Protein chains: 4
Amino acid sequence: MTTSKGKPLAVIAGYGEGLGEAIKHTFENDGFQVVTISRSEGMIIADTTDANEINRAFAQIDALYGTPEVVICNTAMLTIDRFFSTTATRFEETWRTSVMSLFNIAQAVIPMMIKQGGGTLLVTGATAGIRGSKNFSAFSSAKFALRGLTQSLAREFQAQRIHVSHVVIDGILWSPKSRERFPALRRETAIEPNDAAGVYLNLTKQPASAWTQEIDIRPYSETF
Amino acid sequence: MTTSKGKPLAVIAGYGEGLGEAIKHTFENDGFQVVTISRSEGMIIADTTDANEINRAFAQIDALYGTPEVVICNTAMLTIDRFFSTTATRFEETWRTSVMSLFNIAQAVIPMMIKQGGGTLLVTGATAGIRGSKNFSAFSSAKFALRGLTQSLAREFQAQRIHVSHVVIDGILWSPKSRERFPALRRETAIEPNDAAGVYLNLTKQPASAWTQEIDIRPYSETF
Amino acid sequence: MTTSKGKPLAVIAGYGEGLGEAIKHTFENDGFQVVTISRSEGMIIADTTDANEINRAFAQIDALYGTPEVVICNTAMLTIDRFFSTTATRFEETWRTSVMSLFNIAQAVIPMMIKQGGGTLLVTGATAGIRGSKNFSAFSSAKFALRGLTQSLAREFQAQRIHVSHVVIDGILWSPKSRERFPALRRETAIEPNDAAGVYLNLTKQPASAWTQEIDIRPYSETF
Amino acid sequence: MTTSKGKPLAVIAGYGEGLGEAIKHTFENDGFQVVTISRSEGMIIADTTDANEINRAFAQIDALYGTPEVVICNTAMLTIDRFFSTTATRFEETWRTSVMSLFNIAQAVIPMMIKQGGGTLLVTGATAGIRGSKNFSAFSSAKFALRGLTQSLAREFQAQRIHVSHVVIDGILWSPKSRERFPALRRETAIEPNDAAGVYLNLTKQPASAWTQEIDIRPYSETF
């Protein structure tokens, strides 16, 4: 499970400024070779919601670098809106971005990992995946679905040494995008992407006798 | 909120043998006029996953009978299969049948209900919506999504007197379909559709000072 | 399981103004004979946290009226206080009032019920039993414990036709005590005791193919 | 927050073979000075269920080493028994060992930590604290109570830089005690104490922008 360069391989799907970038640097600093997949700015350009594109992406990764040891599913579309302002298209797209992406990635990568003797699949969740809220009908429904899929995958594949873990992000990440979206956000009350990324890295180090299926993180200042 | 016949109106989406039929009879016996929507066998033929068809169906219901006091969302596609045998199409269809049906129905009916001063929206959930399991990746993910949507709707619309309630069916209903699917099923260990239907009816009777958002039901013999 | 007067018997432990009283009237109106247990004002005076007193109380009930069909555990000590102001004594008493009361009652009454062929045990829970909160360390810990005990009893005795159900009260009951405690409380935003009592009564009517283990209730106006 | 030897201080309450011992070694290897409290075999002999003894113990620790940076609450009494075989005394002792220990320790140590600018309180939970089960009435009720207390402490003190975290152990630790209790236990299906201890250590390293309130661990082979 090491690349041609002798490094373990990690793949980040849903790469972008903020968490994706932080995970990339954190894993690289730890000695991983990191490949990023994104619709526009990753090393591999692919639409994670499209099974064909994802299959092609992982075939390419396999040919170039081998089987990933770790795959991180970090795709999301944050939809916060009144239910009556949420179109069916937007509702579906919110679900598709989170859930079909994980479905496609898991279909492509779990068989490769099983063949290699195991692997780790990390999924970015949110508090909205645990509690529904006003104005979160689309996002919450999508994140619930993601959590249900993650639990089911963990229960189906854990005995084959596939470690599936769900990271519940409870708060707002300190990123250019979130500062634009929430202009009042202060750094003190946000999650530092690098700090969150450390949690992902730790999960990949867990020995098989003590695997985590779910972990939450929030800033000390978050009321929850 | 009474029909031309002076009766309160209940609409069942996802009508069929088993639970749908039992809810129909239970509500009719209680004095409701009941209209059923189904892809093939209801009084109104419509595909609940299609927003246009649902909008047309509720416009028709409105013209013929008025605004429903109660709508029951009972659409589901039971998918139990190994993850690797679950196609993307099936995965999506399982989600669409449960979740887009509720989305479309809620978009169509909640505005009508608010205009009338309130109403009740009852949603059929499952234990798979609370815990993921091996071979339940599609069904569990869909039922999680349904639960998240239901909670979000309850939190967004409750103050406008829209009562949204999620019924967690923990067990197998005694119906022709389930007997065919699970030949070893014994009546003693199944949920009687009429008994489940009684739970739905009770929810519609709850006064606004004591509304239930979630209730589970299971046979006394179910290990849980 | 009917009393000498040919009526089914219900016992309310933790009787008092508000919910206890409303349950009594609701059950009596439905045809139950109701016996109340309380430290000071019930028909039977007993400290529910004391096993001996509870055993004596149920022996007395058995002799006078027979085996109860329904027992309602409604004892609670509402403690809302900063953690540092909560004494060990108060913390323990809060737990004891809820949890040892249910323990003692269940020990006394479940064997009688099993001998009679079944029975219903209803337990008053709270949202604090599902989520911890600031200033709720004692109350939340006690209500969590109560919920864990209730689930365990349901899972241990359900197959012997003992229906154990946990009612999550999410809001403030409209009672003299709560009006004194929360002077700003408005009726519009409180739970009517009679409305809550109706939920308890409905649970006793559930046929064994569709038993509820947990149900929540809140006023339509409650933000949750 | 460093000891006279210039090391950060960790205190383990409920020290013993197995997890306690493993945490001690793991923290010492990481550079912590570790003080253990136990009824019989710790460096400090104290009954954690007794507030006076705990206050004395922490006064002694304060005088000898200073304020702990980390305190680990690891006390538990595993009770697995039919409900009718569980005495009130045993039920209460099971609760007291877990919950009053944490209560006493939190009362003693959180004020010291706040004065120092912060600290970490780690609590050993179990799956029984999340789901009740047959024959687990005492243990489950105690572990639920522990979880409720932990959540409440986290919500009350997090903003004062007290990190309270609940570790859900889902499985059996590989220890002399558990091998005696479960003679059929195989190492392959147990949790290695050292692997679990690593999770505790990681929690103490989390920066304040990404604190975990709850994390579960289980062996890859555990069906859950």
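The values are calculated or read from the model by the stated rules, or taken from the named source; none is laboratory data. On a predicted model such as this, the values are computed, not experimentally measured, just so you know. When we count neighbours, we look across all protein chains shown, and the Cβ atoms used for this are built from the backbone with ideal geometry, even at glycine.
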*Filtering the range B:204-222 down to residues that are in contact with a Pro (Cβ under 9 Å, 6 or more places away or on another chain) and among the polar types (S, T, N, Q), which residue is farthest from C:Gln158 (Cα to Cα)?*
B:Ser209
*Since C:Gln116 meets every condition but one in (1) surrounded by fewer than 16 Cβ atoms within 10 Å (Cβ to Cβ); (2) within 8 Å of chain D (Cβ to nearest Cβ); (3) within 25 Å of C:Ala59 (Cβ to Cβ), which condition does it not meet?*
(2)
*What is the one condition in (1) over 15 Å from the mean Cα position of the chain (by Cα); (2) more than 7 Å from chain A (Cβ to nearest Cβ); (3) within 25 Å of A:Arg155 (Cα to Cα); (4) not basic (Lys, Arg) that D:Pro193 does not satisfy?*
(1)
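Within the range D:203-224, which residues are among the polar types (S, T, N, Q) and either at the interface with chain A (Cβ under 7 Å from one of its Cβ atoms) or in contact (Cβ under 8 Å) with a residue 40 or more places away in the chain (or both)?
Of everything in the range D:203-224, those that are among the polar types (S, T, N, Q) and either at the interface with chain A (Cβ under 7 Å from one of its Cβ atoms) or in contact (Cβ under 8 Å) with a residue 40 or more places away in the chain (or both) turn out to be D:Thr204, D:Gln206, D:Ser209, D:Thr212, D:Gln213, D:Ser221.
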*asked:* Quick test for you: out of C:Pro183, C:Pro207, pick the one residue that is surrounded by fewer than 21 Cβ atoms within 10 Å (Cβ to Cβ) and at pLDDT below 95.
replied: C:Pro183
*Of the residues that sit in the range D:127-143 and are crowded, with 24+ Cβ neighbours inside 10 Å and under 22 Å from D:Thr223 (Cβ atoms), which one is nearest to the other protein chains (Cβ to nearest Cβ)?*
D:Gly132
*Counting only residues that are crowded, with 23+ Cβ neighbours inside 10 Å and in a loop (DSSP other than H, G, I, E, B), how many does the range A:4-21 have?*
2
_So, in the range B:14-28, how many residues would count as being over 12 Å from B:Leu201 (Cα atoms) and touching a Ser or Thr at 6+ places or on another chain (Cβ under 8 Å)?_
7
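Taking the range A:154-165 only, how many residues are part of a helix (DSSP H, G or I) and touching a residue at least 12 places away in the same chain (Cβ under 8 Å)?
Within the range A:154-165, residues that are part of a helix (DSSP H, G or I) and touching a residue at least 12 places away in the same chain (Cβ under 8 Å) number 4.
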_Search result, residues across the range A:159-177 that are surrounded by fewer than 18 Cβ atoms within 10 Å (Cβ to Cβ) and of a type outside the set (A, V, I, L, M, F, W, C)_ = A:Gln160, A:Arg161, A:Pro176, A:Lys177
_The conditions are (1) within 20 Å of the chain's Cα centre (by Cα); (2) more than 9 Å from every other protein chain (Cβ to nearest Cβ); (3) modelled with pLDDT of 95 or more, and B:Asp81 fails exactly one of them. Which is it?_
(1)
*State the number of residues belonging to the range B:79-110 that are touching a residue at least 40 places away in the same chain (Cβ under 8 Å) and crowded, with 19+ Cβ neighbours inside 10 Å.*
21
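Test D:Val123 against the stated conditions and say whether it is buried (at least 18 other Cβ atoms within 10 Å of the Cβ), more than 29 Å from C:Gln158 (Cβ to Cβ), within 14 Å of chain C (Cβ to nearest Cβ) and touching a His at 6+ places or on another chain (Cβ under 9 Å).
Answer is yes for this residue.
Yes/no per residue for (1) more than 14 Å from the chain's Cα centre (by Cα); (2) farther than 16 Å from A:Pro68 by Cα; (3) aliphatic (A, V, I, L, M):
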position	(1), (2), (3)
A:Leu9	yes, no, yes
A:Ala13	no, no, yes
A:Lys24	no, no, no
A:Ala46	yes, yes, yes
A:Asn52	yes, yes, no
*Of the conditions (1) part of a helix (DSSP H, G or I); (2) surrounded by fewer than 22 Cβ atoms within 10 Å (Cβ to Cβ); (3) more than 15 Å from the chain's Cα centre (by Cα); (4) modelled with pLDDT of 95 or more, D:Gly198 clears all except one; give me its number.*
(3)
_D:Val168 vs. criteria assigned to a strand (DSSP E or B), closer than 16 Å to D:Leu78 by Cα and within 19 Å of the chain's Cα centre (by Cα)_ = yes
*Which of the residues spanning the range B:171-195 are in a loop (DSSP other than H, G, I, E, B) and not charged (D, E, K, R)?*
B:Gly171, B:Ile172, B:Trp174, B:Ser175, B:Phe182, B:Pro183, B:Ala184, B:Leu185, B:Ala190
